[in-house]
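The values are calculated or read from the model by the stated rules, or taken from the named source; none is laboratory data. Source: prediction; values computed, not measured. Counting neighbours? That spans all protein chains shown, and the Cβs are built from the backbone with ideal geometry, glycine included. Remember, those area values only see protein heavy atoms, side chains included, never the ligands or the DNA or RNA. Shrake-Rupley method; radii C 1.70, N 1.55, O 1.52, S 1.80 Å.
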Amino acid sequence: MTNTQVTLVQIDNYGPWTVTPEPRREADLQTLQSRLYADISQFVGNRNGYTFFTRFDNMIAVTNGLSLEDHALLQESVGNRYPVSLSLGVATGTTPAQALSDATALVQDAGSAQDKDRRECLEGRTIDDGHRTPDDVQIAHFDVINATGNYTDELNAFDSFIEIEQGYAELMRHMRRTHDSLSFFVGGDNIIVTCPDLERAEYEEAITHVEEAVDVRLQVGVGRGKHAHDAGFAAKHALETCRADGTRVELEWEH
C-alpha cells in the first residue's frame, strides 16, 4: 500500500503583489516564477523529493522523507532571497489526490491566497521514519511513442506542442478521475504521475483510453520506492525497457 506525502506550495498574496504599486512587467514575473520553481525543485530534489510547477503560483511536491523542519527551512530560504513568501500544507494518504486535497484544505483554512495577512503558514504532518516503507511512493513515467518521428520532425514546433499537450491533458484527467493520481508534464514528451497502488491492468487501460480519445500513443515505466527519487529512477529504467523491447507497460518490480 502506498503512503504518499504531498506538499502544496502556494505563494502568499501573489496576485495583488503583481499589480502593486502598479502592474509589473510580465517578463519579470515569468523570470521570478521560473527561478523560484528551480530553487524549490532543487531544495526538494536534494532531499529526494519531486516538485512540479503546475500554475507556478501554486506548486505541488512529493515530499516523502522531508520533515516539517525541512519545510520551515525552505520557507526561510525563499523569504531571505525573494520578494514573496510561501505557505505550505503537508499531508499524507494512500492516494496522492487525497493527500493533496488534505494539504490544500490546510492552506485554505489558514487564509485566502490573496489575504495580505497570511504569511508563511506551515500546516500538516509528515511521515516519520518509523512508518516509512520501500513501497510508499509509486511513480509512473509516461512518454509518447516515437514523438520525434511522429511530431517533432514532421510538424512545426507549436503544432507538435498541441499534440503532446492533448495527450497529457487526457491522461491527466483520466488518471485523476479514475485512479486518484496526479499527473505532471515535465518537458519534451514526458509525463510523470504519482499514483496509488496500481497494477499492470490499470496502466494498460490508461494508455488505451488516451489512444482512443485523442490518438496519442503512450508507453509507461513504473517504479516503487521509499521516496520520489527512488520510485522515479526505477520508473525511468522500466521506461527504457519499453523503448528497447517495444513494450507498452513495464513495472520494475516484475523484473
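Checked against the criterion of being of a type in the set (A, V, I, L, M) and open to solvent by 40 Å² or more (accessible area, probe 1.4 Å), the candidates Leu106, Leu86 yield just one match: Leu106. Step by step: first the residues of the stretch 1-20, then only those that are hydroxyl-bearing (Ser, Thr, Tyr) and more than 14 Å from Ala99 (Cα to Cα), then the one that is most open to solvent (accessible area, probe 1.4 Å). Which residue is that? Filtering first and then ranking leaves Thr20. For the stretch 34-71, the set of residues classified as polar (S, T, N, Q), out of contact with any Gly (no Cβ under 9 Å at 6 or more places or on another chain), outside any helix (DSSP H, G or I) and free of Cβ contacts under 8 Å to residues at least 60 places away in the same chain consists of Asn46, Asn58, Ser67, listed by residue number. Highlighted here are the strands (runs of 3 or more DSSP E) found entirely within the stretch 79-162 that include at least 1 residues which are closer than 26 Å to Ile191 by Cα, touching a helix residue (DSSP H, G or I) at 6+ places or on another chain (Cβ under 9 Å) and modelled with pLDDT of 95 or more: 86-93, 137-144.
Each row is one residue, and each column tells you yes or no for (1) basic (Lys, Arg); (2) open to solvent by 10 Å² or more (accessible area, probe 1.4 Å); (3) at pLDDT below 95; (4) under 26 Å from Ala235 (Cα atoms).
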position	(1), (2), (3), (4)
Ser41	no, yes, no, yes
Asn46	no, yes, no, yes
Tyr50	no, yes, no, yes
Phe53	no, yes, no, yes
Met59	no, no, no, yes
Val62	no, no, no, yes
Leu66	no, no, no, yes
Glu76	no, yes, no, no
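If you filter the stretch 27-39 down to residues that are more than 13 Å from the chain's Cα centre (by Cα) and closer than 18 Å to Leu8 by Cβ, you find that the one that is surrounded by the fewest Cβ atoms within 10 Å (Cβ to Cβ) is Asp39. Considering the stretch 189-206, and only residues there that are more than 19 Å from Val62 (Cα to Cα) and open to solvent by 10 Å² or more (accessible area, probe 1.4 Å), the residue that is nearest to the chain's Cα centre (by Cα) turns out to be Asp189. Whenever a residue of the stretch 171-188 is open to solvent by less than 70 Å² (accessible area, probe 1.4 Å), its partners that are modelled with pLDDT of 95 or more and in a loop (DSSP other than H, G, I, E, B), lying with C-beta atoms within less than 7 angstrom and at least six residues away or across chains, give the pairs Met175/Ser181; His179/Pro196; His179/Leu198; Asp180/Thr95; Asp180/Pro196; Ser181/Pro196.
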